[in-house]
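To start, the structure under review is shown below, and the notes come after it.
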Amino acid sequence: TYGSNYIYPSADSATYYKNKGMNLVRLSFRCERLQPTLNQVFDANELSRLTGFVNAVTATGQTVLLDPHNYARYYGNVIGSSAVPNSAYADFWRRLATQFKGNPRVI
């Protein structure tokens, strides 16, 4: 649950770290939160939160490294298994890349 189990840092955090000299922010998130069902559209609320932070960071001139950090799993199933085929993970990345393709500060 957002706000209880996890948050995205605030825009003020992006500015704080930029002022400390950081130029790269690694943003870890769970695939399941962004795409609750394989091969389906991203959750609009989660995408809005993630995009908001990405935009706040990149507006300061920093670069964001998007890091779906699930230890190569999706709901506990190993990516590349029959439960989560590589094609589904490729779909996830295609959707993510499409979302941020216009922002040169996102990798």
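Since every read-out is calculated from the coordinates, none of them should be taken as a lab result. Since we're looking at a predicted model, the values are computed, not measured. Note that each Cβ is placed from the backbone with ideal geometry, even for glycine, and that neighbours are counted across all protein chains shown.
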Inset, instruction - Would you please classify the overall shape of region 45-107 from the alpha carbon gyration tensor, given that a ≥ b ≥ c denote the square roots of the eigenvalues, rounded means a/c under 1.5, and beyond that prolate means a/b larger than b/c while oblate covers the rest? - result: prolate
Inset, instruction - Quick one: what are the phi-derived ³J(HN,Hα) couplings along region 11-20, Karplus 6.51/-1.76/1.60 with θ = phi - 60°, whole Hz, x for glycine and proline? - result: 4, 4, 5, 4, 5, 4, 6, 4, 5, 8
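Let me know the charge dipole size of region 11-100 about its Cα centre in debye, to the nearest 20, where only the beta-carbon of Lys, Arg (+1) and Asp, Glu (-1) is charged.
On the way: 9 positive and 6 negative charges, 37 e Å.
Once rounded to the nearest 20, the dipole reads 180 debye.
Counting other beta carbons within 10 Å of each Cβ, put TYR8, TYR2 in order, fewest first. Don't jump to the answer; show the numbers that get you there.
On the way: TYR8 18, TYR2 11.
Taking fewest neighbouring Cβ atoms as first place, the list is TYR2, TYR8.
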Inset, instruction - Report, as a whole number in µm² per second, the diffusion coefficient that Stokes-Einstein gives for the chain at 10 °C and 1.306 mPa s using the Kirkwood radius over alpha carbon pairs. - result: 109 µm²/s
Legend entry - Residue-averaged [θ]222 nm for the chain, counting only DSSP H segments that reach four residues, each worth -39500 (n - 2.57): -12500 deg cm²/dmol
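With an 8 Å Cα cut-off and a minimum separation of 6 or more residues, compute the relative contact order for region 11-100 in percent. Please report the intermediate quantities before stating the final value.
Numbers: 82 pairs, mean separation 31.1, N = 90.
With pairs under 8 Å counted, the relative contact order is 35 percent.
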Legend entry - Backbone N under 17 Å from the LYS101 label point (7 Å along Cα→Cβ), restricted to region 33-64: 41-42
Inset, instruction - Describe numerically, in nm with one decimal, the distance between label points set 7 Å from Cα along Cα→Cβ at ASP91 and at LEU24. - result: 3.2 nm
Legend entry - Inter-label distance for LEU65 and ALA11, nm, one decimal - labels placed 7 Å from Cα along Cα-to-Cβ: 2.6 nm
